[in-house]
Amino acid sequence: MKPLCRLRHLYSIWMFILALIVLATHVPTSVGAADNVYYLACKNTLSCGSISQLTYPFWGEIDNTNDRPNYCGEPNLEITCEDNNHNNGVPKFTVDSVKYRILDWDVGKQNLTVARDDYFSTSIDFCSGDFSNNTLNETILQYDDNSVVNITILYKCSSETKPSDQFKIVQSCGSSSVYYAEQDDNKALPYYEGCSTVIFPVSKALASAFANSANNPTRIQQALQGGFVLKLLPQINDQCRGCTNSGGNCGSNDGHFVCYCNDGTHSNSCSVSPCPSCQDGHKIY
């Protein structure tokens, strides 16, 4: 072989080796491994004001660095940071047009303390009768029975069914009054049809504080502002704990719970093989 041809041959070999090196350094070790977009995105937590580490079932975009995509939470639980920026704002979410503000979040127990936003910052005129019930359907979050009690406000009662003095008066309204009763108070049942009613969940401790205070709407407003505790449904809580304990991040897809893992999307935890119906790291139902 002539010297020039030999040099060209050696040059071709070296170029081939160099190309192999470049390819080897740029190809990931496994498809969907450490760069699983869902897994990485759902590692993020949300912070707003004094509330931090908001994870599943919440999602939202506070700012460019404070973001959880919608597949990291449940559709109805988008967090917005209002009343200022994320340093001293208030985290809120809206369910069926009723807005709730988050007062406390115990990430370990997955307990959430919330208050109705529309009854929080302004004085309530109980005589106006402008009320609406809570709209939380207990599919993801439920009321904590150990710390929450429902009270019923009776208002716009007809003269024929006017409650007797056995009920505490919340506010006198000229020719009529507004009353309250605890949800399990059977004495109030005969009056429900003759009165308009609205149900408020409140803390048991705060309910006890105003139970003996007649004609004091301020006490009830304080109880409403104190909020009430919500927690994940036991089944959802167990699924999410199983997911996080196995190294995954909880999320949802098309209304179903999923566990986003380093190697793809799983039904419950990262300790089993990825679900067979997963494509591109997301489960297809």
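The values are calculated or read from the model by the stated rules, or taken from the named source; none is laboratory data. For clarity, every value in this text was computed on a predicted model and none was experimentally measured. Positions of Cβ are generated from backbone atoms using ideal geometry, with glycine treated the same way; all protein chains shown enter the neighbour counts.
Could you please find all residues in the stretch 132-148 being within 30 Å of residue 173 (Cα to Cα) and touching a Ser or Thr at 6+ places or on another chain (Cβ under 8 Å)?
Within the stretch 132-148, 135, 148 meet the criteria.
Just the residues that are farther than 15 Å from residue 112 by Cα and either touching a Phe, Trp or Tyr at 6+ places or on another chain (Cβ under 8 Å) or of a type in the set (Phe, Trp, Tyr) (or both), please, taken from the stretch 77-95.
Result: 80, single match.
If you take the residues in the stretch 61-79 that are in a loop (DSSP other than H, G, I, E, B) and hydrophobic (A, V, I, L, M, F, W, C), which one is farthest from residue 47 (Cα to Cα)?
Result: 77.
Note down all Cβ pairs under 7 Å where the first residue falls in the stretch 147-171 and is farther than 19 Å from residue 224 by Cβ and at pLDDT below 75, the second is part of a strand (DSSP E or B) and not β-branched (Val, Ile, Thr), and they're at least six residues apart or on different chains.
163/154; 163/179
Do any strands (runs of 3 or more DSSP E) entirely within the stretch 189-285 hold 3 or more residues that are modelled with pLDDT of 85 or more and within 19 Å of residue 59 (Cα to Cα), and if so, which?
Answer list for the stretch 189-285: 228-232, 249-253, 256-261.
Can you tell which of 152, 135 is surrounded by fewer than 16 Cβ atoms within 10 Å (Cβ to Cβ) and not assigned by TED's automatic domain parsing to the domain that holds residue 47?
Going through 152, 135 in turn, just one is surrounded by fewer than 16 Cβ atoms within 10 Å (Cβ to Cβ) and not assigned by TED's automatic domain parsing to the domain that holds residue 47: 135.
Of everything in the stretch 101-132, what is on the phi > 0 side of the Ramachandran plot and either at pLDDT 90 or above or surrounded by 15 or more Cβ atoms within 10 Å (Cβ to Cβ) (or both)? Give them in sequence order.
Taking the stretch 101-132 and keeping what is on the phi > 0 side of the Ramachandran plot, we get 110, 129.
Within the stretch 101-132, just 110 meets the criteria.
Of the residues that sit in the stretch 252-272 and are at positive phi and not acidic (Asp, Glu), which one is surrounded by the most Cβ atoms within 10 Å (Cβ to Cβ)?
The extreme case among them is 264.
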